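**Student:** Starting off with a structure, shown below.
Each reported figure results from applying straightforward, stated rules to the coordinates on display, with no laboratory input. Everything numeric here is computed off the predicted structure, so don't read it as measured data. Note that we place each Cβ from the backbone using ideal geometry, even for glycine, and neighbour counts take in every protein chain shown.
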Amino acid sequence: MRHVLNLWPEQLGAVPDELGDLTSLSDCLHLHDNDLRELPDSLGKLTRLRYLDVGENDLTVLPESIGGMSGLIELRAQHNRLSALPDGIGDCRELRELWLRGNVIEDLPSSAAALHQLRHLDLRENSLTALPEPLAGLPLLRQLDVRSNHLVELPDRIVELPSWRGWTCAGTPACPPRRCWTSCTGGGASSGRDRAARAERRHR
């Protein structure tokens, strides 16, 4: 039996603390496009949840308790107003995909270096001036999208990662043509409905 909760787009405005009582929720939780300004701390109780989409809201922070979501594989928080991630993100040790496009993030917390399962990181359209230091410690990172930031330097050590396939950095001051890896588009232009359908197929 699949455990999926779709609440998009319902224009909820807020999510009740009782959401954390749904501890059997294990596959997907879709909360994107709901005019949310905050998420309840009780979210951290969803330790079995594998896919969380809170994109296209008005979030300025993610709860520190997100570190309790130990089963999380994919987190989508694109197109919010996030300027940073909580330190607790480093406790999401099974995280493989992190989508943060269209925020105002300037750096990643040092705890992100513990995301050893991370394969895909989308930081397009943020406020980065340098690649975050924790990236150098992510052995399985394959795809990194940092287009439309304010990068002034791209360190060579990133391409020395064993699983490295490339980055997409077009539109940043530090991106000469030879550094661009343009086949990683991140899929961010697709609709919320398309993303949800792909996510459900992926976790069947």
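**Student:** Computed over the Cα atoms, what is the radius of gyration of the stretch 1-113 divided by 2.2 N^0.38 Å, N being its residue count? Walk me through the numbers before you get to the answer.
**Tutor:** Working: Rg = 12.8 Å, N = 113, 2.2 N^0.38 = 13.3 Å.
So the stretch 1-113 has a normalised radius of gyration of 0.96.
**Student:** On to the next question. R93 to D17: extension gain in nm, 0.36 nm per residue of separation minus the Cα-Cα distance? It would help to have the intermediate numbers written out before the result.
**Tutor:** Details: separation 76, 0.36 × 76 = 27.36 nm, distance 2.43 nm.
Difference between extended and current length: 24.9 nm.
**Student:** For N6 paired with D35, estimate the spin-label separation in nm (one decimal), with each label point 7 Å from Cα along the Cα-to-Cβ line.
**Tutor:** 2.2
**Student:** Nearest 0.05, what FRET efficiency do S24 and S110 give at R0 = 30 Å with Cβ-Cβ as r?
**Tutor:** Numbers: r = 33 Å, r/R0 = 1.12.
So, using R0 = 30 Å, E works out to roughly 0.35.
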